[in-house]
Amino acid sequence: MSKKAIFAAAALLVSVLFLNGCVVVKEYAPQKDAVKISQKEYDLARQLVQAFVKNDARTFVLLLPEETRSKFTEESFAATRKSVLESVGEPVAYSYITTLELAGFHPQIWKVRFRRYNVNRTRTFYSEVLFKVVTGMADKKEAVITGFSFQ
């Protein structure tokens with residue numbers, strides 16, 4: 001094989017392997033706490049997480065906007081909490097992780113740690129689940145919760 005043929009074959013191989021259909025994706029690593037939220041929004045989300053962990057249905061529901069309370073009642077809270085407990089155990093701790101960027105809103109991500117035991121309670125198991133609380137500022141004065149979910 002001639003040098004030109006080897007070079008052409010090598011160039012073709014490189015273009016097929018590295019250029020054809022290749023998409024460059026860069027890692028996005030913003031500065032820690034790059035998304036700024038008001039202390040009111042943070043406190044409101046923290047109170048919601050605390051109410052769930054402490055099984056305080058009344059406080060949890062009262063923290064929600066009035067129009068949401070008609071759909072998510074204390075009974076809804078009890079049913080949701082029961083389902084979560086059956087799935088991952090009793091909540092024992094929580095911590096704030098980050099706030100995501102979303103135009104006009106602030107999805108706060110919290111980690112909730114759960115504990116459960118085997119049938120004869122000789123082994124302890126832990127699970128961690130993400131809890132998202134979406135907050136915003138109504139009229140730039142009052143922090144409000146616009147949504148929440150376990151992930």
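The values are calculated or read from the model by the stated rules, or taken from the named source; none is laboratory data. Predicted model only: the values in this text are computed from it and were never measured. For neighbour counting, all protein chains shown are included, and Cβ atoms are generated from backbone atoms with ideal geometry for every residue, glycine included. Ligands, DNA and RNA are stripped out before the accessible areas are found, and what is left, the full protein with its side chains, is counted by its heavy atoms. Shrake-Rupley method; radii C 1.70, N 1.55, O 1.52, S 1.80 Å.
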SASA check, D56, accessible area w/ 1.4 Å probe, all protein chains in place, rounded to nearest 10 Å², comes out at 60 Å²
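Using a ≥ b ≥ c from the Cα gyration tensor of region 78-151 (square roots of the eigenvalues), is it rounded, prolate or oblate, where a/c under 1.5 gives rounded and otherwise the larger of a/b and b/c decides, a/b for prolate? Could the numbers behind the result be given before it?
Values: a/c = 3.77, a/b = 2.58, b/c = 1.46.
In terms of gyration-tensor shape, prolate.
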Whole-percent carbon and sulfur contribution to the accessible surface of region 48-151 (1.4 Å, no ligands, DNA or RNA) stands at 50 percent
If each K or R counts +1 and each D or E counts -1, the residues other than K82 whose Cβ falls under 12 Å of its Cβ total -2
